[in-house]
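The values are calculated or read from the model by the stated rules, or taken from the named source; none is laboratory data. What you see is a predicted model; the values in this text were computed from it and never measured. Every residue, glycine as well, gets a Cβ built from its backbone with ideal geometry; the counts of neighbours run over all protein chains shown.
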Amino acid sequence: MKALNSALIADIAKGLKSCSISALPPLDSVRPVAPRSGRSCPVREFPLMAPPFTVIRDTTPDSAIPRGAVVAMGNFDGVHLGHRAVIAAALEMGRTHGRPALALTFEPHPRRFFSPNTPQFRLTDERAKLRLLAGTGLAGAVVMTFDKARAGTSAQDFIHHDLIGRLGVSGIAVGYDFHFGKGRVGSPSLLVNEAPRLGIEVDVQPHVDIDERPVSSSAIRIALAEGQLDDATTMLGGPWFITGEVIHGEKRGRDLGYPTANIRLDANCGLKHGIYAVRVGRGAGRLDGVASFGRRPTFDNGAPLLEIFLFDFKGDLYGQRLDCAFIGFIREELKFDSLEALIRQMDDDSARARAILAAAPDAFPRLGVID
């Protein structure tokens, strides 16, 4: 995928309402600041991108809910460019009317509720999704529990009880294909038809295309599964990332001269096994590295594991939670006949990763702060 279609580019440049992503903070606006003194390794530091935003749940008292807010509704798995167009519309509506703009989303993902035994590769878990939403400029998010009661709520009850009665929304932004309510009867057209009677504004965003193909969470999952990381990054509007706790491993990497920080990803993660150039977030710091995700066929062909070698870093990361952004795909996972051949390949992988990362010095997802 090379570029956004020309119409969307024009919308972004002009800040137009339809398919506009310009209301969001620019992805390249993050700039490194000087590292603190006394560090044992070169860690670039970035300012925190947004103040904490409000998370409203089913248990939140009505008195704590900001009445009159504008909401951007969606599942927002990945918070990709299509989602960001909806968010941009909500932000613009909120600015126009002097109202806060919130995301409205559901947890667990409705697919998990309706198909609990079907593996679901989520691009972002709940916390990652909220951190991405918090980085868009939204004032907060409404997280509705998707359970049997929610699944059985009619579209009209959802509109009148949840949107109007409990939240008191003044405006709604949705994507063209968003459906809600029992049997997915609720639709953008229903919201548009109901809007005059309810006294609210509704903005329906069309699909966002890249190279004449619609951006979607499903398309991004396919790209990640096929190792098409550039395509996934383009559709997301920034690098895909995961967050996980560093666990103890077999320490083979240390013996080979490549000590790694090991993270166990979700069992349903569909990322292609292989070698990646990565950028790791540790608090406000950023560390570059090269990572292997797979089963280690040279050794044990075990359960999939993410093994990250951080350049120019010495320290203990066990038990720490790291953000790992995938910047470039280097190669597929291979089995080697000797440790010497493996080390030579690791040397080459590291050099290629350094080159990829040097060409994208600021590539990292824009994450906000959540409680």
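For the reader, a short list of remarks on this structure follows.
- Gly227 being touching a residue at least 40 places away in the same chain (Cβ under 8 Å), farther than 21 Å from Leu130 by Cα and part of a strand (DSSP E or B): no
- Against the test of being buried (at least 19 other Cβ atoms within 10 Å of the Cβ) and of a type outside the set (Val, Ile, Thr), the options Gly294, Gly285 yield a single qualifying residue, Gly294.
- Qualifying residue in the range 310-322 (condition: assigned to a loop (DSSP other than H, G, I, E, B), aliphatic (A, V, I, L, M) and in contact with a helix residue (DSSP H, G or I) (Cβ under 9 Å, 6 or more places away or on another chain)): no
- Looking at Gly98, Gly68, Gly94, just one residue is out of contact with any helix residue (DSSP H, G or I) (no Cβ under 9 Å at 6 or more places or on another chain), modelled with pLDDT of 95 or more, at positive phi and not aliphatic (A, V, I, L, M), and that residue is Gly98.
- Of note, Ser350 does not satisfy the criterion of being more than 15 Å from Phe311 (Cα to Cα) and among the hydroxyl-bearing types (Ser, Thr, Tyr).
- Of the residues making up the range 105-115, not a single one is within 15 Å of the chain's Cα centre (by Cα), in contact (Cβ under 8 Å) with a residue 60 or more places away in the chain and buried (at least 20 other Cβ atoms within 10 Å of the Cβ).
- Condition check for Ala325: within 22 Å of the chain's Cα centre (by Cα), buried (at least 18 other Cβ atoms within 10 Å of the Cβ) and closer than 18 Å to Ile263 by Cβ: yes
- Hey, Cys269 part of a loop (DSSP other than H, G, I, E, B), surrounded by 13 or more Cβ atoms within 10 Å (Cβ to Cβ) and modelled with pLDDT of 95 or more or not: yes
- Of all the listed residues (Ala128, Ala88), the sole one being under 24 Å from Ala267 (Cα atoms), out of contact with any Cys (no Cβ under 8 Å at 6 or more places or on another chain) and of a type in the set (Gly, Ala, Ser) is Ala128.
- Qualifying helices (runs of 4 or more DSSP H) (wholly inside the range 99-207; at least 1 residues being closer than 30 Å to Pro365 by Cα and either assigned by TED's automatic domain parsing to the domain that holds Ala267 or not basic (Lys, Arg) (or both)): 110-114, 126-134, 188-198
- When Asp209 is tested against the conditions (1) over 21 Å from the mean Cα position of the chain (by Cα); (2) in contact (Cβ under 8 Å) with a residue 60 or more places away in the chain; (3) surrounded by 16 or more Cβ atoms within 10 Å (Cβ to Cβ), the lone failure is (1).
- Residue in the range 127-139 that is surrounded by 18 or more Cβ atoms within 10 Å (Cβ to Cβ), more than 20 Å from Ile172 (Cα to Cα) and either charged (D, E, K, R) or in contact with a strand residue (DSSP E or B) (Cβ under 8 Å, 6 or more places away or on another chain) (or both) present: yes
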